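The values are calculated or read from the model by the stated rules, or taken from the named source; none is laboratory data. Keep in mind that this is a model prediction, so the values were computed, not measured. No Cβ is skipped: glycine too gets one built from the backbone with ideal geometry, and neighbour counts run over all protein chains shown.
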Amino acid sequence: AQSVTQPDIHITVSEGASLELRCNYSYGATPYLFWYVQSPGQGLQLLLKYFSGDTLVQGIKGFEAEFKRSQSSFNLRKPSVHWSDAAEYFCAVGAREYGNKLVFGAGTILRVKS
Amino acid sequence: EPEVTQTPSHQVTQMGQEVILRCVPISNHLYFYWYRQILGQKVEFLVSFYNNEISEKSEIFDDQFSVERPDGSNFTLKIRSTKLEDSAMYFCASSVSVTMDTQYFGPGTRLTVL
């Protein structure tokens, strides 16, 4: 069965520090990969996506992610975190072979210390 | 920028009652989805819909659930006889393409079943 693991439930970083949120997936097909962010009371906003090509993808708000097929990972990074980045981050995976549904990780709550 | 909208933002209902959750997908999108997130759990796929038919549904989407596109703009999720365990945040999403594509999510409807 397809699965997505975000091993960190909570992460706290200081403002200005770098950030890496981990995502590992288990899929029997070529995956499409997404990171979404959810602020309190808000919907799921797309940060970035990987379908094919360059394995380092850039997203909005200064985020980037790198697809590593050998490690089945798609980690999200940001070089310098801002207080407004505090939110919950979800990794999601889909594949054409499994229809159009997305499988989500459990989410990582990011707290930013000033 | 076009957005997926959902109404109501909150819905409180008594167990056994019928509820209808409404969504307006992005206007040129062809694929529509419902997901739900029970408090503290992962976002889970419920159903996808294309060309006025269900494309795929999960095990969660049993006979108590139905979806409909009653007109050219709305997409609804009906729960016929709500149960306590239906309490969750319900997200609508839409995408342009019939193949794997970015899904854009609405802000969600929080359903509370008493």
ask   = Listed residues A:Asn100, A:Asn75; which is modelled with pLDDT of 95 or more and of a type in the set (S, T, N, Q)?
value = A:Asn75
inquiry  = Name the single residue that is nearest to the chain's Cα centre (by Cα) among those in segment A:66-80 being over 16 Å from A:Leu110 (Cα atoms) and not in a loop (DSSP other than H, G, I, E, B).
reply    = A:Phe74
task = For segment B:20-35, enumerate the residues that are within 11 Å of chain A (Cβ to nearest Cβ) and touching an Asp or Glu at 6+ places or on another chain (Cβ under 8 Å).
result = B:Tyr31, B:Tyr35
query = Is at least one residue of segment A:80-100 among the basic types (Lys, Arg) and either in contact with a Cys (Cβ under 9 Å, 6 or more places away or on another chain) or closer than 25 Å to B:Pro107 by Cα (or both)?
reply = no
remark   = Counting only residues in segment B:70-90 that are at pLDDT 95 or above and acidic (Asp, Glu), the one surrounded by the fewest Cβ atoms within 10 Å (Cβ to Cβ) is identified as B:Glu85
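Table: residues versus (1) out of contact with any strand residue (DSSP E or B) (no Cβ under 6 Å at 6 or more places or on another chain); (2) surrounded by fewer than 20 Cβ atoms within 10 Å (Cβ to Cβ); (3) at positive phi.
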site	(1), (2), (3)
B:Lys57	no, yes, no
B:Glu68	no, yes, no
B:Cys92	no, no, no
B:Val96	yes, yes, no
B:Gly106	no, no, no
ask   = Just one of B:Ser87, B:Ser81 is more than 12 Å from B:Thr109 (Cβ to Cβ) and more than 14 Å from every other protein chain (Cβ to nearest Cβ); which is it?
value = B:Ser81
message = Looking at A:Ala95, A:Ala17, A:Ala86 in this structure, which one is modelled with pLDDT of 95 or more, closer than 22 Å to B:Phe91 by Cβ, over 12 Å from the mean Cα position of the chain (by Cα) and surrounded by 12 or more Cβ atoms within 10 Å (Cβ to Cβ)?
response = A:Ala86
task = Within segment A:62-110, work out how many residues are facing chain B (nearest Cβ under 9 Å) and more than 15 Å from A:Arg22 (Cβ to Cβ).
result = 9
note = Exactly one of A:Gly41, A:Gly16, A:Gly28 is more than 14 Å from chain B (Cβ to nearest Cβ) and at positive phi, and that one is A:Gly16
note = Quick count over segment A:81-114, residues being part of a loop (DSSP other than H, G, I, E, B) and more than 18 Å from A:Glu15 (Cβ to Cβ), is 8
remark   = Checked segment A:1-22 for anything assigned to a loop (DSSP other than H, G, I, E, B) and either out of contact with any helix residue (DSSP H, G or I) (no Cβ under 9 Å at 6 or more places or on another chain) or under 13 Å from A:Arg77 (Cα atoms) (or both); matches are A:Ala1, A:Gln6, A:Pro7, A:Asp8, A:Ile9, A:Gly16, A:Ala17, A:Ser18, A:Arg22
